[in-house]
1. Given a Förster distance of 35 Å, report the FRET efficiency between R106 and K40 from their Cβ-Cβ distance, rounded to the nearest 0.05.
2. Relative to the longest principal axis of the C-alpha atoms of the chain, give the angle of the C-alpha long axis of helix 12-42, reported between 0 and 90° and rounded to the nearest 10°.
3. Net charge near Y24, counting Lys/Arg +1 and Asp/Glu -1 over other residues with Cβ under 14 Å of its Cβ?
4. Round to the nearest 10 and give me the degree value, 0 to 90, for the angle of helix 141-171's Cα axis relative to the longest principal axis of the chain.
5. Restricted to Cα positions, what overall size does the range 82-172 have along the principal axes? Three whole-Å values, descending.
6. Of the listed values [x] 0.96; [y] 0.99; [z] 1.05, identify the label whose number matches Rg/Rh (Cα atoms, Kirkwood Rh) calculated from this model.
7. Over the Cα atoms of the range 1-81, what radius of gyration and what Dmax do you get, in Å?
8. Working from Cα positions, state the angle (0 to 90°, nearest 10) between the long axis of helix 49-58 and the longest principal axis of the chain.
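Nothing in this text is a laboratory measurement; each read-out follows from the coordinates by a stated rule. Since the structure is predicted, the reported quantities are computational estimates derived from the model, not experimental observations. Every residue, glycine among them, receives a Cβ derived from its backbone with ideal geometry; neighbour counts consider all protein chains shown.
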Amino acid sequence: MSKLAKDPRENPQQLRTDLANRLYFKLYQCANMLHKTGTKAVEAQGLTTQQWAVMGALSRPESEQGMGMGDLARYLLVSRQNLTGLLSRMEAAGYVHSVPDPADKRSRLVQLTPAGQQVWQHDAAESIGRYYEQALEGFSSNDMVHTLHYLLKLLDNMKAIDAQQNAGKEES
């Protein structure tokens, strides 16, 4: 028997807590390994996993005209403060720039530069593809669909918790 509750029928809540602890610890480990191994996968292109995520977000068809800072921060689930420093480094590297928002001249949109598009579409694409294949070794397409389903479900629940926590701050 595993290190979980000896007999789940005796204490189903303890089993659920033990499973939740294992699940969240594995997610934490996966996030750390993604950062470590993902950065190594794209270091030859001078990228980090954070820059990889920004380039991926900005390369989507619906982001072709760019994204506002707030929208990009919400999409990536990061603070604007953290995103500002990251975008400054990416702008200095020539990967992104900001342009006036045609809908609101006071606002600016972040876009990939032609150099950023080159890095994303050509230079990094092969390395990222190899990384995905290695990291998903042994996963069938069906496995990936199920994993994505459960991760999205978990993310939705965590977003709901975040909204509740932020609502509590606004009431204080």
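1. Working: r = 41 Å, r/R0 = 1.16.
That pair, R106 with K40, gives E of 0.30.
2. 30
3. On the way: positive: R16, R22, K26; negative: D18.
Overall, the nearby charge balance is +2.
4. Tilt relative to the chain: about 80 degrees.
5. Over the range 82-172, Cα extents along the principal axes are 49, 46, 24 Å.
6. Label [z] holds the value from this structure.
7. Reported Rg and Dmax, both Å: 19.4, 58.
8. Long axis of 49-58 versus the principal axis of the chain: about 60 degrees.
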